[in-house]
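Worksheet: the structure to be examined is printed underneath.
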Amino acid sequence: MKRWIFIILCFSQASCARNDGNLVPIERTAIFPAAKAADLIRTVCYEPLAATDYWTPNATDIDGLEQTLAEFLDSRGANRKKDWSTFRRQIAGVKRGDERLIFIYYFRFDQGIEDDLVKRKEPRYDPAGWRSEPHLVFDGGEEFFRVLYDVKTKRFIWYECNGVA
């Protein structure tokens, strides 16, 4: 009997696992329109991206692009077995000449802190603000990082993270 329970439990866990290539689900994703892309990138990037224009990615553009993110972060020495359930992401489309790139800013959030701010009705805190405004955080190291994804080659090509105080 215990064996059957174990098998059923394993099967149910496997069927619930994310297999769509996304580490961060769409409900924890903010896609910035082309008109706000420059503001996002200027606010959260240390290194300028030399963009010539901006575009607005859609859910189809980003679906599955994280399939190789862990491997890319490993190659940069930056994948420290992240708990992706604690991350949100802000996304914008970048053009450099004919290249279409997707800029992704990943940041860790603490649901407990957020719940406390909402409960206390902190006047300057908007729990949905990250969906429309750049989420600026100083320090935090690899818990706050940015990548560029090349749509044509389907590869990540750039990485930058916050410093540590």
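Okay, here's what the table says:
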item	result
Given (1) of a type in the set (Asp, Glu); (2) touching a Cys at 6+ places or on another chain (Cβ under 9 Å); (3) in a helix (DSSP H, G or I), index of the condition Glu114 fails	(2)
Cβ-Cβ under 8 Å pairs, at least 6 apart or on other chains, the stretch 23-38 side without any contact (Cβ under 8 Å) to a residue 40 or more places away in the chain, far side surrounded by fewer than 17 Cβ atoms within 10 Å (Cβ to Cβ) and outside any helix (DSSP H, G or I)	Pro25/Arg18; Pro33/Thr56
Filter result for the condition that a residue is assigned to a loop (DSSP other than H, G, I, E, B) and modelled with pLDDT of 90 or more, over Glu160, Glu133	Glu133
For Glu133: the one exception among (1) without any contact (Cβ under 8 Å) to a residue 24 or more places away in the chain; (2) crowded, with 17+ Cβ neighbours inside 10 Å; (3) of a type outside the set (Gly, Ala, Ser)	(2)
Top-ranked residue of the stretch 73-96 - restricted to ones that are closer than 19 Å to Trp130 by Cα and of a type in the set (D, E, K, R), ranked as farthest from the chain's Cα centre (by Cα)	Arg88
Residue match in the stretch 148-163 (condition: more than 18 Å from Val24 (Cα to Cα), touching a helix residue (DSSP H, G or I) at 6+ places or on another chain (Cβ under 9 Å) and among the small types (Gly, Ala, Ser))	yes
Residue, farthest from the chain's Cα centre (by Cα), within the stretch 17-56, restricted to residues that are over 14 Å from Gly93 (Cα atoms) and among the basic types (Lys, Arg)	Arg18
Criterion: within 12 Å of the chain's Cα centre (by Cα) and touching a residue at least 40 places away in the same chain (Cβ under 8 Å) - qualifying residue of Glu160, Glu66, Glu99	Glu66
Residue in the stretch 144-155 that is surrounded by fewer than 16 Cβ atoms within 10 Å (Cβ to Cβ) and within 15 Å of the chain's Cα centre (by Cα) present	no
Qualifying positions in the stretch 94-130 - among the basic types (Lys, Arg) and surrounded by fewer than 15 Cβ atoms within 10 Å (Cβ to Cβ)	Arg96, Lys119, Arg120, Lys121, Arg124
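The values are calculated or read from the model by the stated rules, or taken from the named source; none is laboratory data. Because the structure is a prediction, the values reported are computed rather than measured. FYI the Cβ positions are ideal-geometry reconstructions off the backbone, even for glycines, and counts take in every protein chain you see.
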